[in-house]
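Chemist: Below you'll find the structure I mean.
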Amino acid sequence: MRLILVGLDYRTAPLELRERLQADDTRLLPLLAALRHGPLDELVVLSTCNRYEVFATCDDPSLAQDAIIDCLLSAENIPMRPLLDSLYRKDDADAVRHLFRVAAGLESLVLGETQIMRQLAGALDQAQGAGTSGPLLNRLYTAALHTGKRARTETAISQHTLSVSHAAAQLVQREMANVEHPHILVVGAGEMATLAAGALAQHAADSGSAITIINRSDERAQAVASQLGIQARPWDELQHAIASADAVITATSARQPILRADEIATFVSRPLLVVDIGVPRNIAPAANPTPTIRLHDIDDLQAVVAHHRILREAEVALVEEIIEVEALRYVNWLRSRHIVPVLTELRGHADAIAEAELAHALNRLPELDEHERDVVAQMAQRIVNKLLHMPTVNLKWRAAHGDHFDYEHAIRKMFALDAPTEPTEPDAGSDPNDD
C-alpha cells in the first residue's frame, strides 16, 4: 500500500482557483470518495482558503493520482491548464514530510500560524465521518497533529505575533501592566479593531482591565461588543471615552484623521497611551510634543512585527528537526506494516510445529502432573520465541530502512511459508519407534 498526495496551495495557485475548488466541495468530496471503489483505498481531503490537498493510499500511485486529478478537473468553472500547472504530486515519505510541515506551520502564508491545526483535525473528522479514512491515514493525521503540537510547545515558531492588531494589543498590555484596573478603548469596529479588541478581551480577566469599543456605526460596535463580552459606547461620546481611558487603540477606515494629538491633550488630564493602527492614520501627530500623550503609529508596530518574523524564522531549523524525527517514525511504522503478513505466517508456522511436538511429547509422558505439563509447554514456547527473535528483529530493522524484500523472500523460502502443507518425511536421524 502506497501513500500519495495531490494538491495545490497559495504559492502554486491563484486565489480564484482555490476558491472555486473549495466552493465545489459538496460535489467534489463525494466524487473523490467514490474513487475508494477503484484506485484508492483511503482518502482525506484538506480544503482551506490557502490549500486544497488530497491524501490517499493506493496500490498504483500513478493511476491513483491521475484519477484524483480527473476529479478535480470536473469541478465547476475550473480551467484545465491553470489547474494542471498548479498541482503538485508527492508520495510516501515526501508526502508524509509535506503534511508534517503543513501541521507545523512551515507551509502557511503566515509562518507558524496555529489555525491549520484545527483545519487538519477537521479534515480528519470529516473523513472519519464519511468512512473514507482508515488505519494508515488516521495514524498519519494523528502523527501530523502531534508533530504540530511539538513544534509549537518545543520551539518559538508560533510565538512573537505577526499580526499588527495583536502587536497593538500586546503593546497596550505591556504598558498597562502596572496600572490597576486599566480602562482600554478601541476606536473602530472593522477587522483590525475587532482583532485587537478580541486579543485584549482574552486577557481582561487576568489584567483586571475594562475594555470599551466605539464606532461610527453604533450597531456594529454593539455587535462586536456582544461577541467579545465587552462594553460599547455611542460615537458622540468619543471625547468622554478617550478622557476616561488609560490606553486607546484606533483602527477606523476614516480617510482623514478623526483627532489630533494636541487636541486630545486639551481634554485629557492624565498620561494616555495611544496606539494608532489606522491606514491612513486616525490620529494626526502634534507639531510639538504633548507630554501627556504617548503616541505610537503602525510603522512602529510593523517594525516590531518584522523583528518577530525574524525570531520565528530562526526557529525553522529546530522545527524541521522535529518533523524529520516524527516523519521517520511514521515511515518506519508504515514500512513495518509490509512485513506483518510474513511475521504472522512465520509465528503461526512455528507455533503449529511447537504445539504438534508438545502434544506428541505429552502423550508419551502421561505421568506428568498439571504443573509439570505447564513447565514443558512454557519451555516449548520460550524455544519458539528465542528462535524467532533475531529473524523478527532483523526483518523489522530492514523494513525500517526499506531493505526488507530480499530478506522477507529468504524467510519465506527457508520456512516454506508459501508452499502447500504436505506430510513431512521423518528426518534421517529420527527414531522410527518414536511414533
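Since every read-out is calculated from the coordinates, none of them should be taken as a lab result. Source: prediction; values computed, not measured. Glycine gets a Cβ as well: all are built from the backbone with ideal geometry, and neighbour counts include every protein chain shown.
Chemist: Using a Gaussian network for the chain with springs between C-alpha atoms less than 10 Å apart, which of these wobbles most: E324, E357, E191?
Modeler: Looking only at E324, E357, E191, the biggest GNM fluctuation is shown by E357.
Chemist: Cβ under 14 Å from G105's Cβ, G105 left aside: what net charge do those residues give with Lys, Arg +1 and Asp, Glu -1? Walk me through the intermediate numbers first.
Modeler: On the way: positive: R51, R101, R118, K149, R150, R152, R309, R312; negative: D9, E107, E113, E154, E313, E315, E320.
For residues surrounding G105, the net value is +1.
Chemist: Now for a different question. Please report the spacing between the Cα centers of the stretch 199-228 and the stretch 80-158 in Å, no decimals.
Modeler: 34
Chemist: Relative contact order for the stretch 272-380 using alpha-carbon pairs under 8 Å, separation at least 6, rounded to a whole percent?
Modeler: Result for the stretch 272-380 is 17 percent.
Chemist: So what is the relative contact order for the stretch 164-307, in percent, with contacts set as C-alpha pairs under 8 Å and at least six apart? Present the calculation step by step, with values, prior to reporting the outcome.
Modeler: Details: 280 pairs, mean separation 34.6, N = 144.
For the stretch 164-307, the relative contact order is 24 percent.
Chemist: If you wrap a convex hull around the Cα atoms of the stretch 10-130, how much volume per residue is inside, in Å³?
Modeler: So the per-residue Cα hull volume is 100 Å³.
Chemist: Okay, next question. How many angstrom lie between the Cα centre of the stretch 27-58 and the Cα centre of the stretch 1-20?
Modeler: 12
Chemist: Fewest first, what order do S47, S133 take by the number of other Cβ atoms within 10 Å? Spell out each step's value before the answer.
Modeler: On the way: S47 21, S133 24.
Least crowded to most crowded, the residues run S47, S133.
Chemist: Defining a contact as two alpha carbons under 8 Å apart and six or more residues distant in sequence, what relative contact order in percent does the chain show?
Modeler: On the way: 619 pairs, mean separation 52.4, N = 435.
Reported relative contact order: 12 percent.
Chemist: Nearest 500 deg cm²/dmol is fine: what mean residue ellipticity at 222 nm does the chain get from its DSSP H runs of n ≥ 4 alone, each adding -39,500 (n - 2.57), divided by its residue count? Each step should come with its number before you reach the end.
Modeler: Working: 18 runs with 245 residues, N = 435.
Per the formula, -18000 deg cm²/dmol.
Chemist: Given a 10 angstrom Cα cut-off, can you work out which residue in D246, D24, D406 is the most mobile in a GNM of the chain?
Modeler: Comparing D246, D24, D406 in the GNM, the peak value goes to D406.
Chemist: Fewest first, what order do C71, C49, C58 take by the number of other Cβ atoms within 10 Å? If you can, show how the numbers build up before the last one.
Modeler: Numbers: C71 20, C49 12, C58 24.
Ranked by crowding around the Cβ, least crowded first: C49, C71, C58.
Chemist: Right, next: Would you mind pulling out the separation of the Cα centroids of the stretch 278-321 and the stretch 347-402, in Å?
Modeler: 70
Chemist: Using a 10 Å cut-off around each Cβ, can you sort I69, I298 from fewest to most neighbouring Cβ atoms? Working shown, then result.
Modeler: Numbers: I69 17, I298 21.
By the 10 Å Cβ count, ascending, the order reads I69, I298.
Chemist: With Cα extents along the principal axes in Å as the read-out, I listed (i) 68, 52, 38; (ii) 62, 52, 43; (iii) 117, 57, 35; which label goes with the value calculated from this structure?
Modeler: So the calculated entry is the one marked (iii).
Chemist: Right, something else. Collect residues whose amide H, placed 1.01 Å from N in the peptide plane, falls under 5 Å from the amide H of D41; neighbours closer than 5 in sequence don't count.
Modeler: T57, C58
Chemist: Work out Dmax and Rg for the stretch 1-62 from the C-alpha atoms and quote the Rg first, both in angstrom.
Modeler: That works out to 12.1, 35 Å for Rg and Dmax.
Chemist: For a quick check, take a GNM of the chain with Cα springs below 10 Å and name the residue from V110, V316, V384 with the largest mean-square fluctuation.
Modeler: So, out of V110, V316, V384, the one fluctuating most is V384.
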